[in-house]
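Taking it in order: structure first as structure tokens, then the write-up.
The values are calculated or read from the model by the stated rules, or taken from the named source; none is laboratory data. A quick note: this is a predicted structure, and the numbers were derived from the prediction, not measured. Positions of Cβ are generated from backbone atoms using ideal geometry, with glycine treated the same way; all protein chains shown enter the neighbour counts. Surface areas here come from the heavy atoms of the whole protein model, side chains and all, with no ligands, DNA or RNA. Shrake-Rupley method; radii C 1.70, N 1.55, O 1.52, S 1.80 Å.
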Amino acid sequence: MTCLCFLCVSRDYDELSSIMAVCIAVIAKENYPLYIRSVPTQNELKFHYTVHTSLDVVEEKISSVGKALADQRELYLGLLYPTEDYKVYGYVTNSKVKFVIVVDSSNTSLRDNEIRSMFRKLHNSFTDVMCNPFYIPGDPIQSKAFDSMVSAMMVQAC
Amino acid sequence: MESHEEKPIIYTMENKPIVTCAGDPALFAALYSALAQQLPREPMEWRRSYGRAPKMIHLEANFVQFKEDLLPKEGNKALLTFPFLHIFWTDCCDTEVYKASVKEDMLRWQTTLKHHGSQDWLIVVVESDAKKKNKTNLLPRTSIMDKIRNDFCNKQSDRCVSLADPLKESSRSQESWSSFLTKLRTLLLMSFTKNLGRFEDDMRTMREKRTEPGWSFCDYFMVQEELAFVFEMLQQYEDALVQYDELDALFTQYVLNFGAGDAANWLGSFCQPVRSWNGLVLRRPIDMEKRELIQRSEASLLDLRSYLFSRQCTLLIFLQRPWEVTQRALELLHNCVQELRLLEVSVLQGALDCWVFLSCLEVLHRIEGCCDRAQLEANCSHTVGLWTYATEKLKCLGDLCGLVSKNGPNSEDLNRTVDLLAGLGAERPETANSLQSPYKKLKEALSSVETFEKHYLELSHAAMEMYTAIGRMRSARLVGKSLAEFYMRKGDPQSADGFLQDSLKSYVAEGWSLQVTHTRRQVAECQKLLGQTEDYLQTCALLASDANLTDEERKHFCQEILNHANQSSQTESQGESVDQKVALSMAAFAQLRELRFQPASPTVHVGAALQLELRLCSLMPVAVRLEQLAVSVHFSLEQPGQRGSSLSTPQRRIPAQCAAPGGVSPEGAVLFPAISPAGGGPLGAGMGGAGAGAPAALELYEIQDRSPSDNTLNTTGVVCKNVHLLLRRQDSATSLDTPSAGGSGGSVTSGGAAAVAMEDSSQMLKTRDVTLLPGNNSIPFTAPSQKPGTYTLRQLSAMVGQVQFVLPHIYPTVQYEVYSQEPQLTIEPLTDNLLAGLPQKVKFTIVTGHYTVKKGDALQLSNTDSMPILHTNSCTARIVSSTGELVGESALSIHSSEKVTSISLPPTLPYHTLDFQLDVLCHIPASPARLETERLTNGEVRHRPKSRTRYNSGMASVDQKVSIDCPWSIYSTLISLTFYIPFKAKHSLLSAGKRKYIQVCLQNVSDTNFRLMDPSLTQRQQNSSLELDSLNPKEQQLVHSKQSVFCLWEVKWASEPPACLQFSFVASFAPTEPADAEFKPYCYDFQLERVSTLYCLRAEIQPADGEPQCRTGTLCGLDVSITRLTEPTDSERDDEESTESEGLRTTKLMYEVVDNSSNWAVCGKSTGVVSMPVVASATHRVLMEVMPLFAGHLPFPSIKLLKYLPHNVTPVIPPDTDSCLENDNLSLLDKGLEDQSDTASLRSRGSIHSLGSSDQPLPPASRGLPMPRLEPFSPGQVFNCSQGRQVLVLPATDDHILEVNAT
């Protein structure tokens, strides 16, 4: 099942160097964080609250779309909600694992397409983590490869 | 730019395209109403330039009197006031009139239009019949039209139309109207396309120049807005909106470029400091004030954005898309804040908050104004964002102005408030009368602490309710939490508590550890203020063990607990305080990791030492000294039925398995699942949350049910022990609240004392003064084992001063069992089978149980003759402890007296095993083991109360009961031992004519090999004159297992032996190993009856006459001769079967010739009864014919001789014949005489034959079915001389067929 969704995700090696995310989170099906990392200079707790609250919208989007087009549902959920300072984007895998990317509102160079490709990259890397036979699904992600990939997406904000 | 009087036109949204009318005003006035009514009635397709989709459009027009002023001057871009079509009306039908005035008018009109470059004109000639009738010198109608066409429309003949009888209701008039309207519409649209196209081109050109230095955005804005106005006028709101969106995007792009370092000059005006922040105005269709500011290039960024959004809002509402307004509003507000930041516009602190707050409320009011309540409620999700934003901003303002504090604002705060209020300006006239305007709200909120609180609460609650209504619980909790923070700052922890607890619960349930930690700290603060000591301490414990906190913070919280503990104990020591014990859940304090039993088996006997080692992982950041660590134990008495007296019964083991379902390992350890503490790691609680979502792991155990009698397996299976957890209803609501969720103990804070119920338990495992270091600690306990029963470990509690940490349930269940056992004696053979007749070793085992064997205690064995105890000198007893260690060995002293054998036991402690071995000998019972086939003999019934024989796998056995008096009991113990007799003996009497031999076959049925010596046979009746000649070897013989030895004696006698002879066979035997084993006797008694030969049977087969040999198929003669060998003996004399006739005693014999092997065919009578005289040498011959069926050496057919006992009449037969009675009397007389010499045995024999004691001739007519009886002779009475003889039979001569039998 999950394999099929891997196939859908074409490898995308777009240059994302100019893009900066301030927080990237992977959230399990049961809504507890599998991985959450934010820009170190900023208040980590704030991002945790933001990501957690965004799950409301993720669930709303999944349930509103999920009924009709569960099969060909797009994984990218788009902008979940904007705040004065941040924009929160969501993505949900077929196995209901959620990815949340928070970007700075002042970062106006980001387009929807770039966010999408960030999510695809994240998904690919997550898939690699899941393929690791030593990884127990449901455990916090501690993969170095995943970590460095996330680091690459989070350019230093200072 | 335009003149003043045009303003009202713009003001009304009822704008219509302007159409001027020239010519005859009266004529037009008459037609005006019809025209204005009919024009918009039918839609017209508007084909657009630039590939835009065609649209159906209902055209309307504003008809005005033609004036030259109306025509746009050069460079005027205004579109709203632009006349799109010019119509000249005339009803002239007279050429003269036409030439005289009308033509001139038209010419002037045309010239003016041309002068202004307008091509959009139309000449309408109205024809009416009424006018025609009056005029006689009529020119044809066409001529006027033609003239006009000729004069004005050189190439555009369609610019002149006629309208016939417009005021009449005729079909002609209708038709004429219709074509006229179509023409009018077409021309209007043509004009639109042309003029708008031109306008758009101009506009585009203007836009292209935006890089030029002098370009002004505001100017361009006004131009494009003009286009938007026209589209709006044409009710093309979508197109109008596009114009504004383009402007919006253009402006945004400039701001972004500015951020990127590309600053446009004109942006400077927008970078001026913000002086007014009075929010959006959405109540007017067009905010003229702002528009003018833009026109004058004096607008600030907020002014421009506000104006732009108000226009977008208006259009969106026209388009019935109010929810887009809210969405765009939120974007706009966020965007404006960002843009001001980007453009580095200086803004008074708080001003933007005011602007955002007012704008949010304004948008919400606007939406409320155009939607009904149901619609609003259904679309909460669109408005809730604005509500929350407004709430946030109000909170910021409250913070800024010192309204959220206990003391109220100070002077600095007040100054700031005044500055902020100044920026709001005066309230706008349109909301001045409304009580609930955003302006009023903000002013009120900022005016005092109380009103601020009122408004803030109102907004917060509204937002929370909406979030709850649309199911965004997390967002609702977040608002709640910020509300709680507000309450905390206001010094109202009571109100904050509920919100914090709710939030905490949801974070714990979903496993977000940072939030849990953060919220829990707030909770702790709140609880401290509220004086909820117990809850506070519990929260402190959780925080002290929280890895998300720094060491200092953790130590602080740990110290809080310790302080409380010490403080309470101090007050108690002063005797002032009542019981202030605080029970807290242990989950946050320490974790039970492992329990280890020493010894490993959790089943011990009463009084045994059982150590219990507890591994406790302390989560505290510092070492904590525990005054006491205790495990409460639930004690349940062992069920009397469950425990057998024997340790080795299978029932014992099964409960032992079940006792510790946690899986007591062979090493005696019970491991507890490691539950990560709440917030124990950055993601530790996450796993806890996962645990709450995912069901617990299955706990499966093997279960075996064994039969109590022989320990065979009845059933086996797998049992799930935690079904109650797994099958629990998965309710989302309850799963958040269950105390066990994730084991993280988050709910303990709310549950408080209720969750930690202390059990009263009499039994406790305790240790005092333990210091728990951070991390793993090992604490030993001594488990109580005074009373037998099951001990279940229930609770673990740690006492620190007045604070007690309690683990309410130890799960998986840990139990140990203490059993009490009665002392017990068992005697078991050392070998598989005990053999009778030989010394055998048996093992005595004493399980002391609770009894202590003291010095002088002895076993008293009552002696029996059949099984003496053999003394050996080297008898030692081993003492083994319950764990199987050899404790000691000591020699036993055995004293035998006549009746008892006393074995003194060495002193032994309780629950030890004492064992020793003794030699016993079981005498082989003298009586022959009874075989079923053997006849019961008189006087041979042996009475052996303590033994009985039975058969087991071919071996006769003897159950030997031993009665033992044990020192611990007043009752004797009866123990049964089974001995097996190693031999089986059989005897047989062999005859050779008159000579007799006795053969004894001794069969070794045991598994042992024996040596056999001195077999002897003696007669037990010594008076007899029998002589027994042994034909046996003198030396020892070997009898191997399962083999036999035969012994033979010839019996000779001088005088006639008695009918019954009793013999006794004795042989000595000893096992082959060891070689020096003592020989033991084996006896076998038997008796023989009537040993002497009475008859000799001889048979001859003669071939047929004239034949030398027998042939198959031919009859041969069988000559059987029966010869009496002996004189009648005393015993025989009175034999009932003999009869006397003519002074000669005869006896009746029946012979029978049987050929079982089908070799012979007996022809004629095969059986017959003969009367034999009872004298020696009396011979009877019988001749019979037999026919051999096969050729060869055929064995003789077997001949049987039987006593023939004719039937005598039973007494019930009616006495109809005198002879019968006579005979009866006679025979009775005879009998009386003969009786005297009868032996007891014979008399009893006679009694067996019961009524047959008198001989009687067969009754003439055998009424009552009298049947003769046959009785066989005892072996040895008849000697068959021809036994085993064979006769040669030749095949028949004409035998062609050779029969071959192959088997």
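In this structure, B:I846 does not satisfy being more than 30 Å from B:K787 (Cβ to Cβ), open to solvent by less than 20 Å² (accessible area, probe 1.4 Å) and part of a strand (DSSP E or B).
In segment A:95-111, the condition of being more than 30 Å from B:V337 (Cβ to Cβ) and either aromatic (F, W, Y) or surrounded by fewer than 16 Cβ atoms within 10 Å (Cβ to Cβ) (or both) is met by at least one residue.
So, in segment B:334-348, exactly how many residues are closer than 21 Å to B:L386 by Cα and touching a residue at least 60 places away in the same chain (Cβ under 8 Å)? Total satisfying the criteria: 3. Candidates in segment A:19-36 are the residues that are more than 10 Å from chain B (Cβ to nearest Cβ) and crowded, with 21+ Cβ neighbours inside 10 Å; of these, the one that is farthest from A:K96 (Cα to Cα) is A:I19.
The set of residues in segment B:392-407 that are at pLDDT 90 or above and surrounded by fewer than 19 Cβ atoms within 10 Å (Cβ to Cβ) contains only B:C396.
Condition first: in contact (Cβ under 8 Å) with a residue 24 or more places away in the chain and either within 14 Å of chain B (Cβ to nearest Cβ) or assigned to a loop (DSSP other than H, G, I, E, B) (or both). Now tell me which residues in segment A:103-119 satisfy that. Hits for segment A:103-119 are A:V103, A:D104, A:N107, A:S109, A:L110. Looking at segment B:876-884, is at least one residue touching a strand residue (DSSP E or B) at 6+ places or on another chain (Cβ under 7 Å) and modelled with pLDDT under 80? Yes.
For segment B:333-352, a tally of residues being open to solvent by 20 Å² or more (accessible area, probe 1.4 Å) and more than 10 Å from chain A (Cβ to nearest Cβ) returns 5. Among the numbered criteria (1) over 30 Å from B:K555 (Cβ atoms); (2) surrounded by 19 or more Cβ atoms within 10 Å (Cβ to Cβ); (3) modelled with pLDDT of 85 or more; (4) aliphatic (A, V, I, L, M), which single criterion is violated by B:L838? Failed condition: (3).
Here's the yes/no breakdown for (1) assigned by TED's automatic domain parsing to the domain that holds B:Q1283; (2) touching a helix residue (DSSP H, G or I) at 6+ places or on another chain (Cβ under 9 Å); (3) surrounded by 15 or more Cβ atoms within 10 Å (Cβ to Cβ); (4) not basic (K, R):
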position: B:V1000; (1), (2), (3), (4): no, no, yes, yes
position: B:V1005; (1), (2), (3), (4): no, no, yes, yes
position: B:R1011; (1), (2), (3), (4): no, no, yes, no
position: B:N1032; (1), (2), (3), (4): no, no, yes, yes
position: B:W1049; (1), (2), (3), (4): no, no, yes, yes
position: B:A1059; (1), (2), (3), (4): no, yes, yes, yes
position: B:F1065; (1), (2), (3), (4): no, no, yes, yes
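Here is a yes/no grid of residues against (1) in a strand (DSSP E or B); (2) in contact with an Asp or Glu (Cβ under 9 Å, 6 or more places away or on another chain); (3) of a type in the set (G, A, S); (4) surrounded by 20 or more Cβ atoms within 10 Å (Cβ to Cβ):
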residue	(1), (2), (3), (4)
B:I779	yes, yes, no, no
B:L796	yes, no, no, yes
B:Y816	yes, no, no, yes
B:T831	no, no, no, no
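Among residues of segment B:395-406 that are on the phi > 0 side of the Ramachandran plot, those with a Cβ under 9 angstrom from a residue that is assigned to a helix (DSSP H, G or I) and of a type in the set (S, T, Y), sequence gap 6+ or separate chain, pair up as B:G402/B:T417.
A residue that is among the charged types (D, E, K, R), at pLDDT 85 or above and open to solvent by less than 10 Å² (accessible area, probe 1.4 Å) occurs nowhere in segment B:242-255. Take the conditions (1) surrounded by fewer than 16 Cβ atoms within 10 Å (Cβ to Cβ); (2) at pLDDT 55 or above; (3) away from chain A (no Cβ under 14 Å); B:R729 misses just one of them, which is (2). With respect to the conditions (1) more than 14 Å from chain A (Cβ to nearest Cβ); (2) surrounded by 16 or more Cβ atoms within 10 Å (Cβ to Cβ), B:L386 lacks only one, and its number is (1). Quick check: anything in segment B:353-368 surrounded by fewer than 16 Cβ atoms within 10 Å (Cβ to Cβ), away from every other protein chain (no Cβ under 11 Å) and in a helix (DSSP H, G or I)? Yes: segment B:353-368 contains one or more residues that are surrounded by fewer than 16 Cβ atoms within 10 Å (Cβ to Cβ), away from every other protein chain (no Cβ under 11 Å) and in a helix (DSSP H, G or I). Among the residues making up segment A:120-139, those that are polar (S, T, N, Q) and either under 26 Å from B:E510 (Cβ atoms) or free of Cβ contacts under 8 Å to residues at least 12 places away in the same chain (or both) are A:S125, A:T127, A:N132.
When segment B:513-526 is limited to residues that are facing another protein chain (nearest Cβ under 9 Å) and over 17 Å from B:V479 (Cβ atoms), the one that is nearest to the chain's Cα centre (by Cα) turns out to be B:S513.
Segment B:950-1040 holds strands (runs of 3 or more DSSP E) entirely within its bounds, and those carrying 3 or more residues that are touching a residue at least 12 places away in the same chain (Cβ under 8 Å), closer than 30 Å to B:I869 by Cβ and touching a Leu at 6+ places or on another chain (Cβ under 9 Å) map to B:955-965, B:972-980, B:983-992, B:1010-1019.
Within segment B:533-543, not a single residue is farther than 30 Å from B:P409 by Cα and either assigned to a loop (DSSP other than H, G, I, E, B) or within 13 Å of chain A (Cβ to nearest Cβ) (or both).
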